[in-house]
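Step one of this worksheet: look at the structure below.
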Amino acid sequence: MGKREDFLFVVQTALIVNTVRLATDGDRDPGAVANFSTTHALSQLQTALDVADRIPIDMTAYEAGNEFCSYFFSNLRDQEPEGNKPQLPHWCGRF
């Protein structure tokens, strides 16, 4: 597998694990249901497919997957303190 495929494997696996964790968390916010819907998962995967070819040369697939998930998985992003929230990775921007 190349970097693109490895990145997609990392994101897909993290999405599955994160969805299971959210779905089984008895203390979750009732509004978090959208975070584990099929539509939400497909949207996340479409975004990953869109950016998979833009991973910087000096970044590993794991590093890119971690950076992607830290930003695009709202429950991961929102648990960070206000001044420490991840920003959109530069390589994920459309322009």
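The values are calculated or read from the model by the stated rules, or taken from the named source; none is laboratory data. This is a predicted model, so every value here is computed, not measured. Counting neighbours? That spans all protein chains shown, and the Cβs are built from the backbone with ideal geometry, glycine included.
Can you tell me which residues in segment 75-89 are part of a loop (DSSP other than H, G, I, E, B), of a type in the set (D, E, K, R) and at pLDDT below 75?
Matches in segment 75-89: E80 only.
If I ask for residues that are surrounded by 13 or more Cβ atoms within 10 Å (Cβ to Cβ) and out of contact with any Leu (no Cβ under 9 Å at 6 or more places or on another chain), which ones from segment 44-55 would you list?
Those that are surrounded by 13 or more Cβ atoms within 10 Å (Cβ to Cβ) and out of contact with any Leu (no Cβ under 9 Å at 6 or more places or on another chain): T47, V51, R54, I55.
Looking at F68, F72, which is the one that is among the aromatic types (F, W, Y), buried (at least 16 other Cβ atoms within 10 Å of the Cβ) and modelled with pLDDT of 95 or more?
F68
Output the number of the condition that T60 fails; it satisfies all remaining conditions of (1) of a type outside the set (G, A, S); (2) at pLDDT 85 or above; (3) farther than 20 Å from Q87 by Cβ; (4) out of contact with any Asp or Glu (no Cβ under 7 Å at 6 or more places or on another chain).
Condition not satisfied by T60: (3).
Identify, please: which residue in segment 1-28 is touching a helix residue (DSSP H, G or I) at 6+ places or on another chain (Cβ under 9 Å) and not in a helix (DSSP H, G or I) and is, among those, modelled with the lowest pLDDT?
Only one residue tops the list, namely R28.
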